[in-house]
Amino acid sequence: MPSVADILIPLALDNAYSYAVPAGVILAPGDVVQVPLGPRETVGVVWQVSESPGGSNLRPITGRIEAPPLSEPLRELVDWLARYTLAPKGSALAMALRLPDEAARGETSRIGVRETGKPPARPTPARMKVLAVAGDGAMRGKSALAREAGVSLSVVDGLIDDGALEAVALAPEPVALPPDPDHERVPLSEAQDQAARDLIGLAYPVFEDGAGGKAPTILLEGVTGSGKTEVYFEAVAEAVRRGHQALILMPEIALTAQFLDRFAERFGVRPATWHSGIGSRRRERLRAGVAAGEVAVVVGARSALFLPFSDLGLVVVDEEHEAAYKQEDGVHYHARDMAVVRGRLENCPVVLASATPSIETKVNAEKGRYAHIVLPERFGGRRLPDIHAIDMRLDKPEKGRFLAPLLVNAVRATIEAGDQALLFLNRRGYAPLTLCRACGHRYQCRNCSTWLVEHRFRRALVCHQCGYAERRPDACTECGTFNNLTPCGPGVERIAEEVTELFPDKRVIVLSSDFPGGAERLRAELQSVADGECDIVIGTQLVAKGHNFPHLTLVGVLDADIGLTSGDPRAAERTFQLLQQVTGRAGRGDKPGRALVQTYQPDHPVIAALLSGDATRFYEEEIASREAAGLPPFGRLAALIVSANEREVAEAHGQALARAAEPPQGVMVLGPAEAPLALIRGRYRFRLLVKTERAVDLQAYLRDWLGRGPKVRGNVKVAIDVDPQSFL
Ligand code: ADP
Ligand code: ZN
């Protein structure tokens with residue numbers, strides 16, 4: 001019987017620790033246990049068990065914890081994640097474990113009440129109302145009964161004390177109702193039907209004979225409004241029919257009410273959802289349900305990737321190109337890439353869906369590493385919107401305004417026709433910079449190297465990096481001059497001001513993540529836009545993606561060039577994707593749509609590609625230029641971000657790292673350079689960039705380099721970002 005177990009602990013530790021297995025206890029890899037660590041007790045997972053004579057000197061395992069064990073593929077995923085991202089193995093484990101707090105563990109039973117037939121001692125009107133409701137014999141919770149009867153809870157309690165009602169334990173509510181794969185199949189268009197059959201044909205033969213075949217990764221590429229969702233729903237239905245589980249990853253799960261409703265129409269029930277907003281008790285029940293195979297479909301944010309599915313039969317990554325899939329703190333991982341890895345480990349098909357795939361995925365499809373299914377046209381014969389440029393050098397807005405006359409006229413015509421217009425600007429707040437006209441002072445965050453953004457609604461100047469906020473002063477804090485601060489440039493709030501002046505009697509709504517009232521209110525607002533209850537929507541990227549607004553026929557892009565000037569190697573790709581997505585919101589209903597794009601560079605290749613509607617050419621050129629520059633996916637990148645409380649310390653550590661780099665053939669190390677965001681939350685930041693040829697083992701080089709490099713001392717931190725998506 002194994003006497004030693006290596007336990008991996010979900011803390012920033014690289015190795016599993018050995019513990020003695022107490023006599024009579026049988027443990028297997030994946031079991032969740034409690035172990036002593038230093039002076040305290042902690043939770044860990046059995047990584048390996050062995051027969052070892054030295055076992056008696058080890059501290060013993062305290063006991064087993066009731067939690068679903070980690071399956072072998074999930075443990076392999078943890079190992080893989082740590083190896084790839086260079087994160088400590090324990091940190092990778094923490095993502096798959098996420099144990100609930102003590103209070104949430106264990107099931108508290110729900111209590112229902114019912115009539116006993118015994119009349120109450122004092123038949124007050126309130127008491128009689130309760131008994132009248134309870135008289136139907138149905139079982140209710142106490143507060144539900146009180147609510148229905150319109151009385152306070154104490155009346156119900158009084159009746160229980162009296163013996164007229166009795167409390168009974170109810171069966172726990174199921175954590176998710178089973179979706180019915182054949183609930184309601186919407187008739188698919190011919191193109192959709194073909195795509196769905198191709199998808200299922202590619203995905204499922206591997207399960208047929210059990211042993212043979214490797215499950216594929218499939219790019220499902222379809223223009224905006226082509227009906228990709230219905231297509232992959234058929235694959236989800238097939239997975240469920242075969243008794244497998246399916247996971248659908250979404251970039252912004254908190255806002256997907258529309259999507260959940262569509263799922264319910266197709267499958268009869270809403271799916272289980274998984275994101276940071278759900279409570280820890282529900283989270284634990286869901287984990288258990290997923291591990292037991294009782295939960296068939298989960299729709300989740302990137303962390304759902306680490307759920308303990310017992311029989312995963314399909315993973316869908318919707319909007320696979322989205323930057324939100326990259327986690328930028330802690331373990332720097334890309335959920336789309338990890339979904340492909342998990343698919344490989346579970347031998348389960350993975351579908352990557354997008355109207356504007358990432359260059360990486362596109363290249364993988366072209367090279368035949370991924371299968372490729374294309375929906376080239378919109379559903380129902382609808383046309384893609386016509387897109388025109390407004391050359392801001394020729395068609396200038398009036399002084400102090402941001403909407404070109406052409407765009408104003410188009411908005412007017414649209415709302416006069418009874419349709420909706422969307423004005424898109426990817427800038428929250430009122431103005432991105434505030435300065436004093438008297439002394440020239442610019443208001444800057446005290447913790448970060450960023451300008452403070454004016455939020456007029458909150459009457460505050462806010463840092464979008466760290467959240468620092470101060471009241472917008474009446475007099476300049478530098479020179480004391482009154483009423484001389486001036487906002488520079490527009491944010492969505494400022495556009496709203498302009499639009500309200502232009503169209504005073506129209507219903508205008510501003511949608512950004514600053515929307516007061518949180519995700520719940522925002523969902524309601526998005527729904528009201530979809531229902532046609534407003535004329536003009538002004539929004540950030542929040543409204544650009546995924547939503548279906550059937551009344552929307554005009555999209556105006558206020559500053560198409562905004563993202564093109566950054567030093568990010570993906571600037572062109574990102575801008576193209578965002579503009580395709582946002583212009584793709586127009587004309588999804590019965591009427592055709594159009595888009596007007598305000599730009600100072602109508603000849604820029606990205607803008608030109610957008611205007612011509614020639615995505616193929618854009619991809620060809622972008623792929624060619626990535627290849628020529630040796631950038632991903634034709635080469636590999638990693639970033640090291642060195643930060644410290646003092647600028648000199650951070651810089652010195654970065655330089656010491658650079659001196660130790662000794663890059664071999666095929667590896668280039670650039671920097672240290674001050675990061676574009678040189679200061680965040682009071683920490684100074686320097687960046688090093690590693691660029692290698694594709695064949696180089698980047699991780700092995702990084703490990704070797706960091707091993708030789710300077711020791712991390714004091715408050716210095718070195719963050720490792722493999723395949724960086726952000727270069728700030
Ligand atoms: P995409 O995700 O490709 O942009 P969607 O899946 O959101 O497109 O579909 C676009 C619109 O077309 C949605 O309003 C959807 O309800 C509708 N639609 C798609 N397929 C069908 C179908 N087979 N029958 C009826 N409506 C459909
Ligand atoms: Zn700040």
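Rolled with a 1.4 Å probe across the full set of protein chains, the surface gives Ser513 an accessible area near 80 Å². Using the Karplus relation 6.51 cos²θ - 1.76 cosθ + 1.60 with θ = phi - 60°, the per-residue 3J(HN,Hα) values for region 553-563 come to 10, 10, 10, x, 9, 7, 9, 5, 8, 3, x Hz, with x marking Gly and Pro. Rounded to the nearest 20 debye, the dipole magnitude of the chain is 1700 debye, with +1 charges on Lys and Arg beta carbons, -1 on Asp and Glu beta carbons, and the Cα centre as origin. Only Cα sites of region 315-459 enter the Debye sum here, all with the same form factor; the resulting log10 I(q)/I(0) across q = 0.12, 0.13, 0.15, 0.16 1/Å is -0.93, -1.00, -1.07, -1.09, listed in q order.
Can you send over the carbon and sulfur percentage of the accessible area for the chain, probe radius 1.4 Å, protein chains only?
51
Close amide H contacts of Leu564 (hydrogens built in the peptide plane, cut-off under 5 Å, sequence separation of 5 or more or a different chain): none are found. Relative contact order for the chain: 10 percent, from Cα pairs under 8 Å spaced at least 6 residues apart, divided by residue count. Each stretch of four or more DSSP H residues adds -39500 (n - 2.57); spread over every residue of the chain, this sum gives -9500 deg cm²/dmol at 222 nm.
Excluding same-chain neighbours fewer than eight residues apart, the lysines reachable from Lys142 by a Cα-Cα span under 25 Å are Lys118, Lys129. Relative protection proxy for 435-441, 587-593, from highest mean packing down: 587-593, 435-441 (other beta-carbon atoms within 10 angstrom). Residue ranges 356-368, 463-475 sort as 356-368, 463-475 when ordered by packing (mean number of other C-beta atoms within 10 Å per residue, highest first).
DSSP finds beta bridges in region 264-390, and of those with both partners inside it, around 10 percent are antiparallel. A cut-off of 5 Å between modelled amide H atoms, ignoring neighbours fewer than 5 places along the same chain, links Cys448 with Arg681, Gly682.
Peptides 617-625, 134-142, 339-347, 566-574 ranked from most to least packed give 339-347, 566-574, 617-625, 134-142, packing being the mean of other C-beta atoms within 10 angstrom over each peptide's residues. Structural size metrics of region 488-599, computed from C-alpha coordinates, are Rg and Dmax of 14.4, 44 Å.
Cross-link partners of Lys399 among lysines, defined as those whose alpha carbon lies under 25 angstrom from its own and excluding same-chain residues fewer than eight positions apart: Lys506. Solvent-accessible surface of the chain, taken per residue with a 1.4 Å probe and all protein chains present: 44 Å². Looking at the chain alone, DSSP beta bridges between its own residues are antiparallel in about 55 percent of cases.
Pairs spanning more than 26 Å between alpha-carbon atoms, out of Lys228/Lys691; Lys228/Lys326; Lys228/Lys367; Lys228/Lys362; Lys214/Lys691: Lys228/Lys691; Lys214/Lys691.
When every Cα-Cα distance of the chain is counted in 20 angstrom steps from zero, the calculated P(r) takes the values 14, 42, 35, 9, 0 percent. Taking amide H positions as modeled 1.01 Å from N, with prolines and chain starts lacking one, the residues under 5 Å from Val351 and 5 or more places away or on another chain are Ile218, Val315, Val316, Val317.
The values are calculated or read from the model by the stated rules, or taken from the named source; none is laboratory data. These numbers were taken from a predicted model, which means no experiment stands behind them. All Cβ positions, glycine included, derive from the backbone under ideal geometry; neighbour counts span all protein chains shown. Remember, those area values only see protein heavy atoms, side chains included, never the ligands or the DNA or RNA. Shrake-Rupley method; radii C 1.70, N 1.55, O 1.52, S 1.80 Å.
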